[in-house]
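Peer 1: Just passing along the structure, written as structure tokens.
None of the figures in this text is laboratory data; all of them are computed from the coordinates on show. Since the structure is predicted, the reported quantities are computational estimates derived from the model, not experimental observations. Using ideal geometry, Cβ is built from the backbone for each residue, glycine included, and neighbour counts are taken over all protein chains shown.
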Amino acid sequence: MSDMRERAGGYEPSARQRERDAIRRRAARRSTVTAFASTVVVTAVVVLAVVNTPGWPRVRKSFLDWDVAVASLPKVLEGLWLNVRVLVVAAVVIFFFALVLAICRTLRGPVFFPLRAAATAYVDLFRGLPLLLVLLVVGFGIPGLRIPWMTTSPVWLGGLAIVLTYSAYVAEVFRAGIESVHPSQVAAARSLGLSRAQATRHVVLPQAVRRVVPPLLNDLVALSKDSGLISILGAYDAIRAAQVVTSQHANFTPYIVAGFLFILLTIPLTRFTDAFARRSGWLGAQSGLAGGGALR
Amino acid sequence: MSGTSERPGTGTGSDDGAPEPLLRVRGVRKAFGDNVVLDGIDLDVRPHQVIALIGASGSGKSTLLRTIDLLEEVDDGDIWLDGLDICDPRVDANAVRARMGMVFQSFNLFGHLRVLENVALAQRLVHGVARAEADERALAMLERVGLADKARSFPDELSGGQQQRVAIARALVSSPRLLLLDEVTSALDPELVGEVLDLLTELRAEGHTMLIATHEMAFARDVADEVCFLHHGRIHEQGPAAQVLTDPQQPRTREFLRRMLPR
Ligand SMILES: Nc1ncnc2c1ncn2[C@@H]1O[C@H](COP(=O)(O)OP(=O)(O)OP(=O)(O)O)[C@@H](O)[C@H]1O
Ligand SMILES: [Mg+2]
């Protein structure tokens, strides 16, 4: 980026600076070429190695059948739409539930002991349980109770299981963020007369949340993939749809289609949120990330 | 001490003619574990008075300022602000803190808020001022410290001296009865110290009451009316700035000053 630097005030760079810029440009060009060449070589080697295995023709037919892919696309896409909706709703619920859990865990004083203990127990429990297990217990156990007003929809129950588990993870991310805000920030807020709650709400949490945006993104991507687990409860999502088409055609290509769509879903997710975070200055000003990339 | 006087102006009017102290500290003790940091502090700050707290690192200057601002609880002793016993647990500590302004050693501006929002925040949240009015007051106060053009910046886009002036503006905007300043220049490069000290000198001329912990003996001499020497949690000597700094009566003070002002 250095050669793109603005020359303020229309001044002419010195010969030495022009030379430095030229060296940087050459180095950048060289590393681009190297990266490109090595990518081509590695890809070629891997492709050749796979294509030359004895079973390749059969695998290709049962996993990479173009006609089956085209035929399955509408159904898998329809299923993916369910994944997207589950993702969005679950992400919002997880965000707030996890924030509440994290705040409960950081409360001080004997009055808050029950809250703090409950939140800690919750996090310990659901962080230790495999998601698959929670999914099965919630998905099959709750309908088994035959509670009249309780839904038996696999989508809602699956979503519930995901929220239960992910909230425990995300709560820990938030707690780390809260504890990373220096105590002097609270002292400054309190010295202005802000109450403990106001200091938390207006000073600690905004900074904590900004700081944990990158790990949260990571969890969001993981969540988008794990939303596919609701298919084991019978929810008609992308994976379930792929499964159905697979059995119709006796061909595994729909799974590849589903996998491809999940990747297409997560890549823009990270890129968009990254760009959004940067534009709103969340990663900039105070996170220490700004400018770091400019160092040699 | 029953009369909770609420006179906004000068604090004159006691029987003997000397102004009633704005802040009265009596027998304040504070320990962290076995470490007795404040060991019976007595201190009076009268309206418009500027008192400098000097003393070695770890002598308890910051702790004293923090206990006065109710950021630490005293273990024993009393503190009155405007005649109100602020150590009483029934007193609304947030309201008391809101009547004092504190500026810290290391800058604790809120990094996620712009300079203007830093200054306006407590106006809105604590003093119930509407946003437009709060912003207006904040801007006026930034103007006062010469940083109106930085209102839209984030704190880390400012120099250390500018940040500290914003912190002072933030403490001043609520018209505090008492300003507590904790080594506001010690984290600054030498060439930035001047702009902050100049500002404090102006504030003194405007009649602000200040209690200042400082390592700058020259500043203490120029700006403070009185100097308090703190050693191992006790005030060993207190008196007019010029006298304490040039002609200390206590051996400990003398020893401290000899190390501070090598001649
Ligand atoms: N929160 C705390 N917990 C435990 N000990 C503390 C705490 N705050 C201060 N102390 C101790 O109190 C003593 C006095 O600290 P204080 O910060 O008041 O000194 P100071 O006079 O301000 O020093 P300096 O000039 O270096 O700022 C030190 O020994 C310090 O370790
Ligand atoms: Mg200190």
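Peer 1: Over what distance in Å are the Cα centres of segment A:21-86 and segment B:176-197 separated?
Peer 2: 60
Peer 1: A further question follows. For segment B:36-176, just the Cα set please: Rg and Dmax, both in angstrom.
Peer 2: Cα-based Rg and Dmax for segment B:36-176 come out at 16.5, 47 Å.
Peer 1: Within segment A:221-256, name every residue whose backbone N is under 16 Å away from a label modeled 7 Å from Cα of residue A:81 along the Cβ vector.
Peer 2: Of the residues in segment A:221-256, A:236-242 have backbone N under 16 Å from the label point off residue A:81.
Peer 1: Further question on the same structure: Using the beta-carbon distance between residue A:263 and residue A:176 and R0 = 35 Å, what value does 1/(1 + (r/R0)^6) give for FRET efficiency, to the nearest 0.05?
Peer 2: 0.75
Peer 1: I would also like to ask the following. Can you find, among B:187, A:33, B:209, the residue farthest towards the positive end of the dipole of the protein assembly as shown? Put +1 on the C-beta of Lys and Arg, -1 on that of Asp and Glu.
Peer 2: The residue sitting most towards the positive pole is A:33.
Peer 1: Check each of the trypsin sites (Lys or Arg not before Pro) in segment A:1-100 and keep only those in coil by DSSP with at most 10 other C-beta atoms within 10 angstrom; list them in order.
Peer 2: Qualifying residues, ordered by number: A:7.
Peer 1: Amide H to amide H under 5 Å from residue B:179: which residues, 5+ apart in sequence or cross-chain, H placed 1.01 Å off N in plane?
Peer 2: B:101, B:209, B:210, B:211
Peer 1: What is the dipole size for chain A, taken about its Cα centre, with +1 at each Lys and Arg Cβ and -1 at each Asp and Glu Cβ, in debye to the nearest 20?
Peer 2: Rounded to the nearest 20 debye, it is 960 debye.
Peer 1: Given H placed 1.01 Å from N in the peptide plane, which residues other than close sequence neighbours of residue B:55 have an amide H under 5 Å from its amide H?
Peer 2: B:230
Peer 1: With the Cα gyration tensor of chain A giving a ≥ b ≥ c as the square roots of its eigenvalues, does the rule (a/c under 1.5 for rounded; else a/b larger than b/c for prolate; else oblate) give rounded, prolate or oblate? Mind dumping the intermediate values first?
Peer 2: Numbers: a/c = 2.80, a/b = 1.03, b/c = 2.71.
It comes out oblate by the Cα gyration axes.
Peer 1: So who's got an amide H within less than 5 Å of the one on residue B:239, skipping anything under 5 residues away but keeping other chains? H placed 1.01 Å off N, in plane.
Peer 2: Amide H neighbours of residue B:239: B:227.
Peer 1: Roughly how many whole Å is it from the C-alpha centroid of segment A:89-161 to that of segment B:203-243?
Peer 2: One Cα centre to the other: 57 Å.
Peer 1: Which helices, counted as full DSSP H runs in chain B, have an axial Cα extent of no less than 20 Å and a Kyte-Doolittle average of -0.5 or above?
Peer 2: Span-like helices here: B:190-205.
Peer 1: With runs of 4+ DSSP H residues as the only contributors, calculate the mean residue ellipticity of the protein assembly as shown at 222 nm using -39,500 (n - 2.57) per run, divided by the residue total and rounded to the nearest 500.
Peer 2: Here the helix-only value at 222 nm equals -17500 deg cm²/dmol.
Peer 1: When you look at the Cβ of every residue in B:112-125, what mean number of other chain Cβ atoms sits within 10 Å?
Peer 2: Values: counts 15, 4, 1, 0, 0, 1, 2, 0, 0, 6, 7, 1, 1, 9.
Shielding by partners across B:112-125 averages 3.
Peer 1: On to the next question. What average count of beta carbons from other chains do you get within 10 Å of the Cβ of residues in A:192-204?
Peer 2: The per-residue average across the peptide is 6.
Peer 1: A follow-up question, please. In segment A:98-204, which trypsin sites (Lys or Arg not before Pro) fall in coil by DSSP and have 12 or fewer other Cβ atoms within 10 Å?
Peer 2: For trypsin sites (Lys or Arg not before Pro) across segment A:98-204 that sit outside H, G, I, E and B with at most 12 neighbouring Cβ atoms in 10 Å, the list reads A:108, A:146.
Peer 1: Size of the dipole of the protein assembly as shown about the Cα centre, Lys and Arg at +1 and Asp and Glu at -1 on the beta carbon, nothing else charged, in debye to 20? If you can, show how the numbers build up before the last one.
Peer 2: Details: 61 positive and 56 negative charges, 581 e Å.
Roughly 2800 debye for the protein assembly as shown.
Peer 1: Please state the shape class of the protein assembly as shown: rounded when a/c is under 1.5, otherwise prolate if a/b exceeds b/c and oblate if not, all from the C-alpha gyration tensor.
Peer 2: Because a/c hits 1.5 or more and a/b exceeds b/c, the protein assembly as shown counts as prolate.
Peer 1: Compute the FRET efficiency between residue B:90 and residue A:201 as 1/(1 + (r/R0)^6), taking r as their Cβ-Cβ distance and R0 = 30 Å, and round to the nearest 0.05.
Peer 2: 0.75
Peer 1: What lysines sit close enough to residue B:30 to cross-link, taking a C-alpha to C-alpha distance under 16 Å and skipping anything fewer than 8 places away on the same chain?
Peer 2: The reachable lysines, counting only those whose Cα sits under 16 Å from residue B:30, are B:61.
Peer 1: Let me ask another. Which shape class applies to chain B: rounded if a/c is under 1.5, otherwise prolate when a/b exceeds b/c and oblate if not, where a ≥ b ≥ c are the square roots of the Cα gyration tensor eigenvalues?
Peer 2: Here chain B falls in the oblate category.
Peer 1: How would A:66, A:81 line up from fewest to most surrounding beta-carbon atoms within 10 angstrom? Write down the numbers at each step before the final one.
Peer 2: On the way: A:66 8, A:81 12.
Sorted ascending by nearby Cβ count, the order is A:66, A:81.
Peer 1: If you keep only loop residues by DSSP, which chymotrypsin sites (Phe, Trp or Tyr not before Pro) in segment A:147-199 have at most 12 other Cβ atoms within 10 Å of their Cβ? Let's see the in-between values first.
Peer 2: On the way: sites: A:149, A:156, A:166, A:169, A:174; in loops: A:149.
Sites meeting the loop and neighbour criteria: A:149.
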